[in-house]
Amino acid sequence: MTLRAQLWVYLLAVQVFPLVIAVYFFRQGEMLWFFVMEAAIVAFVFVGAVMIRRALRPIEFVQASKATFQDREFGTRMKPVGISELDELVGLFNEMLEELHREQLKLGEQKGFFDKLLQATPIGVIIHDFDDCISNVNPAAEHMLGLEFEALKGSRLADHPSCLATAIIEDQQKLPALITLPDGKRFRVQQSVFYDRGFHRKFLMLEELTSEMQAAERSAYEKLIQMTSHEVNNTIGATNSLLQGCTEYCAQLQEQDRADFTHALQVVMERNSRLAEFMQRLAQVVHLPAPDCQPVSLPLLIRNIQAMFAVELRNRNIRWEFVDGGVPSVNLDTHLFEQALINIVKNAFEAIERDGVLTIILQMGSDAPELIVQDSAGVLTQADRQKLFKPFYSTKRHGQGIGLMLVREILQQHGFRYSLDCEPGKWTRFKIKF
């Protein structure tokens, strides 16, 4: 039974005694006293009801306060009830509601700003809950991971096969870290914590640096190549002119010295020619023409390259396998793409060196045709994978680090996606998605 009901029961019980006396006077014929007692009963009931109502005001105030807090309606206000002690409490309560309302508005504005910032920022944000499971990700993080929020929510990052997710888990103890994926994309990953109800929660920030780093690298090696080409070409021109002049003196030498002298001059001129060719290859990377794309039959292009390297592959005892998945023609610049494919195939059989298999696969992927060049060498390490496609980096003993740089530029100009992956000791695979 509620306190309100108990008070009303008590009031009725108190009125029983005057009612019994009034009945007694009525039976004795004392009508004057009977009416006096009736008036007293009415007065007692009225005064009792007023007193009970005033006594119940604090209870009503508590119940209204409870409902306000439950509904979090901090914009409401309590009215004074005419009881000085209770009105003072109502005033304090209204001041508290006003403060809570201001805080509620402030937090709501901050949360709204935070949500909009998360939606708009190009930096990927992954927020974990107290159990280290994903509780929220923004659109940028969804795009970088290649996964939807519904698939990520409530799970751990390690539960997903995304390349970026796998790389983050592998480097989790080294964060912050710069991560390079097999497709050449680069990300800066940082980890931090914030406090929620006294407990810390982790969050990750992912920033894609691919375009910025490639632009910086391109600007740096363009200046380097231009300066080097200028100096080297000037030197080669002058040196070749002097060497050509020296050949005119061969006739004046004794016959036993003439052959050695002539051979020495030829060696130097050949070295100059090779240096000039090297500078031309460097200049190619900087001054690639815009692709002139036309429909091209990829099987025909691949067979031409096979014919080009057939003798060398046979000498190295490397078996060439071609799997034609019947893909349609692809729009590309034949000359540029052939240059890229020659570099990829050459890297593959040079990595094998001798006695292996080089496999070319043409197939339809989930959304586009794919070309895969796979060799049986598997010589790339994790450290190599992080540095591939960087200017002048090579895994070969005498490599110049130009081939993959040229491949990257050609594929990016065409807008083709690519990746270079490896299972050490088993295979290396270069994949192009058209």
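For residues that are among the basic types (K, R) and part of a loop (DSSP other than H, G, I, E, B), scanning just the range 69-107, find the one that is farthest from Q191 (Cα to Cα). Looking at the filtered set, the residue picked out is K79.
Taking each residue of the range 298-320 that is assigned by TED's automatic domain parsing to the domain that holds N343 and looking for partners that are surrounded by fewer than 14 Cβ atoms within 10 Å (Cβ to Cβ) with beta-carbon atoms closer than 6 Å, six or more apart or interchain, yields P299/D324; R316/R354; N317/R354; N317/D355. Within the bounds of the range 384-398, is there any residue that is within 18 Å of Y418 (Cα to Cα), modelled with pLDDT of 85 or more and surrounded by 17 or more Cβ atoms within 10 Å (Cβ to Cβ)? No, the range 384-398 contains no residue that is within 18 Å of Y418 (Cα to Cα), modelled with pLDDT of 85 or more and surrounded by 17 or more Cβ atoms within 10 Å (Cβ to Cβ). When L371 is tested against (1) of a type in the set (A, V, I, L, M, F, W, C); (2) surrounded by fewer than 16 Cβ atoms within 10 Å (Cβ to Cβ); (3) modelled with pLDDT of 90 or more, exactly one condition is not met: (2).
Among the residues of the range 339-365, the ones that are of a type in the set (A, V, I, L, M) and in a strand (DSSP E or B) come to 6 in all. Residues that are surrounded by fewer than 16 Cβ atoms within 10 Å (Cβ to Cβ), in contact with a Gly (Cβ under 7 Å, 6 or more places away or on another chain) and of a type in the set (A, V, I, L, M) within the range 126-173 are absent altogether.
Restricting the first member to the range 132-159 and to residues that are farther than 14 Å from L206 by Cβ and assigned by TED's automatic domain parsing to the domain that holds K202, and the second to residues that are of a type outside the set (A, V, I, L, M) and part of a helix (DSSP H, G or I), the beta-carbon pairs closer than 7 Å and six or more apart or on different chains are E148/E142; F149/E142.
Please go through the range 276-298 and pick out each residue that is exposed (fewer than 15 other Cβ atoms within 10 Å of the Cβ) and modelled with pLDDT of 75 or more. Listed by number, the residues that qualify are P289, A290, D292, Q294, P295, S297.
Scanning the range 193-220 for residues that are surrounded by 12 or more Cβ atoms within 10 Å (Cβ to Cβ) and of a type in the set (S, T, N, Q), we see that the one that is nearest to the chain's Cα centre (by Cα) is T210.
Determine which member of the set N317, N331, N347, N343 is surrounded by fewer than 17 Cβ atoms within 10 Å (Cβ to Cβ) and either touching a helix residue (DSSP H, G or I) at 6+ places or on another chain (Cβ under 8 Å) or over 15 Å from F416 (Cα atoms) (or both).
Working: N331 fails: either touching a helix residue (DSSP H, G or I) at 6+ places or on another chain (Cβ under 8 Å) or over 15 Å from F416 (Cα atoms) (or both); N347 fails: surrounded by fewer than 17 Cβ atoms within 10 Å (Cβ to Cβ); N343 fails: surrounded by fewer than 17 Cβ atoms within 10 Å (Cβ to Cβ).
From the options N317, N331, N347, N343, the qualifying one is N317.
The values are calculated or read from the model by the stated rules, or taken from the named source; none is laboratory data. Computed from a predicted model, the values in this text were never measured in an experiment. Every residue, glycine as well, gets a Cβ built from its backbone with ideal geometry; the counts of neighbours run over all protein chains shown.
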